[in-house]
Amino acid sequence: MSGPSIVFHNVSLRYGNTEVLSDLNFTVAPGTLHALIGPNGGGKTSTIKSLLGETTHTGCIEIHWGEGRTIGYVPQMLDFDQNLPITVNDLMAILCQDRPAFLGAGRAMRNAFAPLLDRVGMGEKRNRLMGELSGGERQRVILAQALLPAPNLLILDEPTSGMDKTGAEIFQRIVRELKEQGVTIVWVHHNLREVRETADWVTCVNRRSIFSGKPAEVLTEERILDVFSAHSATETPV
């Protein structure tokens with residue numbers, strides 16, 4: 001498998017009168033784990049939304065595909081009505097197949113997503129209602145759907161924020177496996193220790209690209225204190 005390279009060139013974004021991104025420039029190499037860090041409200045999620053084509057931005061985002069064009073995406077939080085009588089299997093059917101969800105998952109689809117639920121540690125809870133799951137368990141289900149079909153590009157927007165240790169370890173293991181397979185991974189991350197240990201490259205976003213490079217070289221104490229100080233945080237969370 002060969003993941004794509006990605007180039008952000010002078011990407012700017014406004015929500016009304018609020019400037020969210022300003023001439024953002026950075027490059028993601030193919031088959032690497034590229035971490036995005038930065039203060040709250042600095043534009044990390046807006047960067048992801050722009051990459052997914054969900055915003056009207058200026059500038060250019062180029063995706064140079066290799067063998068395939070499949071994107072997997074795990075948002076920071078699954079936003080849904082927890083009172084809906086939807087099981088884990090139902091949600092996988094809704095997200096992963098073309099047939100109407102009320103018909104349930106077809107046999108071929110069940111055979112496809114069953115091992116993925118096992119892989120994220122949710123196989124035994126496939127018949128549980130989504131509203132009965134913890135936030136971390138729901139995130140694991142969303143990770144499972146992001147792996148079907150197998151992605152060439154995986155985009156993660158702080159999916160382990162608030163997750164228990166077991167869930168976070170499962171995420172990290174699967175991400176390592178995907179990177180070894182050549183998948184390009186863009187991960188909005190809040191844990192700088194994990195960024196140092198797992199990322200090939202890191203870009204700090206605070207409306208623009210503050211710095212970009214190998215974690216061991218650019219994550220200096222001086223830079224971290226400067227970027228994450230109260231004076232660097234912006235006011236509008238995006």
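Which residues, taken from segment 47-93, are of a type in the set (A, V, I, L, M, F, W, C) and modelled with pLDDT under 90?
Of everything in segment 47-93, those that are of a type in the set (A, V, I, L, M, F, W, C) and modelled with pLDDT under 90 turn out to be Met77, Leu78, Phe80, Leu84, Ile86, Leu91, Met92, Ala93.
Here is a check on your reading of the model: is Glu132 loosely packed, with under 15 Cβ neighbours inside 10 Å, farther than 30 Å from Arg14 by Cβ and among the acidic types (Asp, Glu)?
It is true that Glu132 is loosely packed, with under 15 Cβ neighbours inside 10 Å, farther than 30 Å from Arg14 by Cβ and among the acidic types (Asp, Glu).
Among residues belonging to segment 53-80 that are acidic (Asp, Glu) and touching a residue at least 24 places away in the same chain (Cβ under 8 Å), point out the one that is farthest from Ala146 (Cα to Cα).
Glu62
State the number of residues belonging to segment 16-61 that are out of contact with any helix residue (DSSP H, G or I) (no Cβ under 8 Å at 6 or more places or on another chain) and either over 18 Å from Ile71 (Cβ atoms) or not in a loop (DSSP other than H, G, I, E, B) (or both).
Residues meeting the conditions: 27.
State which residue pairs qualify: first residue free of Cβ contacts under 8 Å to residues at least 40 places away in the same chain and inside segment 199-212, second residue outside any strand (DSSP E or B) and among the acidic types (Asp, Glu) in any location, beta carbons under 9 Å apart, and separation of 6 or more residues or different chains.
Pairs that qualify, where the first residue is free of Cβ contacts under 8 Å to residues at least 40 places away in the same chain and the partner is outside any strand (DSSP E or B) and among the acidic types (Asp, Glu): there are none.
If I go through segment 179-193 residue by residue, how many of them are crowded, with 18+ Cβ neighbours inside 10 Å and among the charged types (D, E, K, R)? Quick ask: steps written out before the conclusion?
Of all residues in segment 179-193, those crowded, with 18+ Cβ neighbours inside 10 Å come to 179, 183-189.
Next cut, among the charged types (D, E, K, R) only: 179.
Residues flagged as crowded, with 18+ Cβ neighbours inside 10 Å and among the charged types (D, E, K, R) within segment 179-193 amount to 1.
Filter segment 128-147 down to residues that are over 15 Å from the mean Cα position of the chain (by Cα) and outside any helix (DSSP H, G or I) and give me whichever is farthest from Cys96 (Cα to Cα).
This residue is Ser134.
As an exercise: evaluate Ser2 against (1) part of a strand (DSSP E or B); (2) within 23 Å of Leu153 (Cα to Cα) and give the number of the one condition it does not meet.
Ser2 satisfies every listed condition except (1).
Residues checked against (1) under 25 Å from Ala93 (Cβ atoms); (2) more than 13 Å from the chain's Cα centre (by Cα); (3) free of Cβ contacts under 8 Å to residues at least 40 places away in the same chain:
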{"site": "Pro149", "(1), (2), (3)": "yes, yes, no"}
{"site": "Leu156", "(1), (2), (3)": "yes, no, no"}
{"site": "Met163", "(1), (2), (3)": "yes, yes, yes"}
{"site": "Thr166", "(1), (2), (3)": "no, yes, no"}
{"site": "Glu169", "(1), (2), (3)": "no, yes, yes"}
{"site": "Leu178", "(1), (2), (3)": "yes, yes, yes"}
{"site": "Gly182", "(1), (2), (3)": "no, yes, no"}
{"site": "Arg193", "(1), (2), (3)": "no, yes, yes"}
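Of these, Gly121, Gly162, Gly104, which one is at positive phi and modelled with pLDDT of 90 or more?
Residue meeting the stated conditions: Gly121.
Return the pairs, sorted by first residue and then second, in which the second residue is of a type in the set (Gly, Ala, Ser) and in a strand (DSSP E or B), the first residue lies in segment 3-23 and is without any contact (Cβ under 8 Å) to a residue 60 or more places away in the chain and under 11 Å from Arg208 (Cβ atoms), the beta carbons are less than 6 Å apart, and the residues are 6+ apart or on different chains.
From segment 3-23, the pairs are Asn10/Gly59; Val11/Gly59; Ser12/Ser22; Ser12/Gly59.
Would you be able to say whether some residue in segment 77-87 is surrounded by 14 or more Cβ atoms within 10 Å (Cβ to Cβ) and closer than 30 Å to Arg196 by Cβ?
Yes, segment 77-87 contains a residue that is surrounded by 14 or more Cβ atoms within 10 Å (Cβ to Cβ) and closer than 30 Å to Arg196 by Cβ.
The values are calculated or read from the model by the stated rules, or taken from the named source; none is laboratory data. Just so you know, these numbers come straight off a predicted model, no measurement behind them. Methodologically, a virtual Cβ is constructed for each residue, glycine included, from the backbone with ideal geometry; neighbour enumeration extends over all protein chains shown.
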